[in-house]
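Novice: Here it is, the structure, as structure tokens.
Since every read-out is calculated from the coordinates, none of them should be taken as a lab result. Keep in mind it's a predicted model, so treat the numbers as computed, not measured. Virtual Cβ from ideal backbone geometry, glycine too; neighbours counted across all protein chains shown.
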Amino acid sequence: MANFLIEGENRIGGELPIHGAKNAALPILAAALLTRRSVLHNCPDLSDVRAAAHILEHLGCTVQREGDTVIVESDDGVYCDIPDGLMREMRSSVVFLGAILTRCGRARVSFPGGCELGPRPIDIHLASLERMGVNIKEDHGDLDCTIDGKMVGTELNLPFPSVGATENILLAAVLAEGTTVIHNAAREPEIQDLAGFLTAIGAKIHLKNDGTIVVEGVETLLPEVEYRVIPDRIATATYLCAAAATGGELLVTKTEPEYLAAVLPMFEEMGCQVKTGPDLIYLKGPRRLRPVRMVRTMPYPGFPTDAQAPFMALSTLAQGTSVFVENIFESRYKHAAELMRMGARIKVEGRVAVVEGVPALHSAQVRCTDLRGGAALCIAALAAAGVSRVSDIAHIERGYERLEEHLSSLGAKITRE
Ligand code: EPZ
């Protein structure tokens, strides 16, 4: 596994255009199965996106990249199974289930593996699909799904606004018989983007303000589409944290400040200067950060769980104590132990983490535990005195495009080992 060597105490600043959103591109690539030709602009070049391309190619599609545009062509012969190896390459591969069912009328996928964030159940996905007429049989670790006829639109109440389950239901509902109503659906911008793509190929989807989504099944979808993926709000927050942690001045462009409405005030609470424009966010880090009283992760539009780790890295340097409550995933504090190796003072108790800020961090050998935890370690290393080695950076490459290149362009001393 490759490592980053990061020499800290260099200000991170300048100007950076943000890449397209990983968590929008992945479900949209699954949705590409529902049309013949998709031209996707602003599609980030990430290992998770490459894993999704491998699944599409296995299913009989051709996928080619031209810069930040990915073109997916799916002719008639589309397979309907995803073998275990491919399912395990990417945690969110379960989102292909709804698309394959709509395209083929049946699907065989292996149970998606768990991941570093704890068990990743898919009970809400499966219960919803069964309510829509899918017969699901577990068969030696595989899910064998069949449908008699067409899937049927129905009224669904999600016990939790699951992003992945909402995506699977959307992909299953667009050509279903009748209307599907999803109560307590996820409202993340990535859900809106998937709905935007599906609408662009003729689906009838209505996102209501109260979190309800209404999908009216149609007979057919359009054969081709050209679409632009939204900017990555978590990558945006991550780079802003890097500037805030090193007292830098950063202008992030090609982003969407509205997606970070719950995050930007936290930067201000910590003493950062923040200004926004139509597609840009400017941040100037303070000489010494103030603590953030309480960060509670919530479904959108609340504070995103994916920004918890980068913010925790930032809070380790604040003058005072910050409190985090992780309400979305069971164990999403694995990065805390690694940050403590750099001198951070963190107490984790279940879903709560208490961070007592220290005047400075020191370099250390640290290991990425997951995608956003790895990003947190890079942020800490950028601020720490000395040269840190961040290992297992494959985790980071799932969700950040050319991280060392971008950080170097912003003043970081970072090399790949
Ligand atoms: C998506 O994961 C994102 N991944 C995650 O980003 C993100 O953290 C998460 O949404 C929450 O915003 C992608 O979009 C590819 P969930 P997903 O279903 O769909 C429980 C990153 O760093 N749950 O909203 O898996 C589940 O265990 C990644 O980019 C059930 O219990 O999230 C979790 O505790 C990490 N049963 C919570 O709900 C289910 O059937 C949130 O899961 C489904 C979910």
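Novice: From the phi of every residue in segment 135-145, what ³J(HN,Hα) in whole Hz does the Karplus formula 6.51 cos²θ - 1.76 cosθ + 1.60 yield, where θ is phi - 60° and glycine or proline is x?
Specialist: 8, 10, 10, 7, 9, 6, x, 9, 10, 9, 10
Novice: Additional query: Under a 5 Å amide H to amide H cut-off, with H placed in plane at 1.01 Å, what residues pair with residue 385 once short-range neighbours are removed?
Specialist: 361, 362, 363
Novice: Tell me, what HN-Hα J-couplings in whole Hz come from the Karplus equation 6.51 cos²θ - 1.76 cosθ + 1.60 at θ = phi - 60° for each residue of segment 235-252, using x for Gly and Pro?
Specialist: Result, ordered by residue: 4, 4, 4, 5, 5, 5, 5, 5, 5, 5, 6, 10, x, x, 10, 10, 10, 9 Hz.
Novice: Okay, helix-only estimate at 222 nm for the chain: each DSSP H run of n ≥ 4 adds -39500 (n - 2.57), divide by all residues, round to 500 deg cm²/dmol; what do you get?
Specialist: Numbers: 14 runs with 127 residues, N = 417.
Per the formula, -8500 deg cm²/dmol.
Novice: Need the full-extension length gain, residue 66 to residue 111, defined as separation in residues times 0.36 nm minus the C-alpha distance. One decimal, nm. Please report the intermediate quantities before stating the final value.
Specialist: On the way: separation 45, 0.36 × 45 = 16.20 nm, distance 3.26 nm.
Stretched out fully, the residue 66 to residue 111 stretch lengthens by 12.9 nm.
Novice: Convert 4 °C to kelvin, take the viscosity as 1.567 mPa s, use the Kirkwood radius over C-alpha pairs of the chain as Rh, and evaluate the Stokes-Einstein diffusion coefficient in µm²/s, rounded to a whole number. List each step's numbers first, then the result.
Specialist: Working: Rh = 21.8 Å.
The diffusion coefficient I find is 59 µm²/s.
Novice: Once you have the Kirkwood Rh of segment 36-125 from its Cα pairs, apply Stokes-Einstein at 4 °C and 1.567 mPa s and quote D in µm²/s. The partial results should precede the final answer.
Specialist: Details: Rh = 13.9 Å.
This corresponds to a translational diffusion coefficient of 94 µm²/s.
Novice: So for segment 217-299, Kirkwood radius off the Cα pairs, Stokes-Einstein at 10 °C and 1.306 mPa s: how many µm² s⁻¹? Can you show the working numbers first?
Specialist: Numbers: Rh = 14.4 Å.
Answer, rounded: 110 µm²/s.
Novice: Within the chain, what percent of beta bridges assigned by DSSP are antiparallel, to the nearest 5? Could you put the intermediate results ahead of the total?
Specialist: On the way: 59 of 82 bridges.
Just about 70 percent of them are antiparallel.
Novice: Taking amide H positions as placed in the peptide plane 1.01 Å from N, state which residues far from residue 321 in sequence (5 or more) or on other chains have amide H under 5 Å from it.
Specialist: 357
Novice: Okay, next question. Just to check I understand the Karplus step: with θ = phi - 60° and J = 6.51 cos²θ - 1.76 cosθ + 1.60, what whole-Hz values come out for segment 147-163, glycine and proline as x?
Specialist: 9, 8, x, 10, 5, 10, x, 8, 9, 10, 10, 7, x, 9, x, 5, 5
Novice: Related question: How much length is gained if the chain between residue 253 and residue 137 is pulled fully straight, taking 0.36 nm per residue apart and subtracting their Cα-Cα distance, in nm to one decimal?
Specialist: Details: separation 116, 0.36 × 116 = 41.76 nm, distance 4.70 nm.
Separation in residues times 0.36 nm, less the Cα-Cα distance, equals 37.1 nm.
Novice: Ignoring solvent entirely, what values of log10 I(q)/I(0) come out of the Debye formula for segment 22-228 at 0.09, 0.11, 0.13, 0.17 Å⁻¹ when each Cα is a single scatterer?
Specialist: Normalising to I(0) and taking log10 leaves -0.29, -0.44, -0.63, -1.16.
Novice: Based on the mean of other beta carbon atoms within 10 Å per residue, what is the order of 282-288, 229-235, 35-41, 154-160, most packed first? Walk me through the numbers on the way to the answer.
Specialist: On the way: 282-288: 17.4, 229-235: 25.3, 35-41: 19.9, 154-160: 14.9.
Top to bottom by mean Cβ count within 10 Å: 229-235, 35-41, 282-288, 154-160.
Novice: How long is the gain from residue 275 to residue 402 if the chain were fully straight, where each residue apart is worth 0.36 nm and the alpha carbon distance is subtracted? Mind showing how you got there, number by number?
Specialist: Numbers: separation 127, 0.36 × 127 = 45.72 nm, distance 2.58 nm.
Contour length minus Cα-Cα distance gives 43.1 nm.
Novice: Still on this structure, I have one more. Where in segment 151-176 does the label zone of residue 78 land, with the point 7 angstrom along Cα→C-beta and an amide N cut-off under 20 Å?
Specialist: Once the point is set 7 Å along Cα→Cβ of residue 78, 151-153, 164-176 turn out to lie under 20 Å by backbone N, inside segment 151-176.
Novice: Counting only residues 5 or more places away or on other chains, whose amide H sits under 5 Å from the amide H of residue 413 once H atoms are built in the peptide plane?
Specialist: 7
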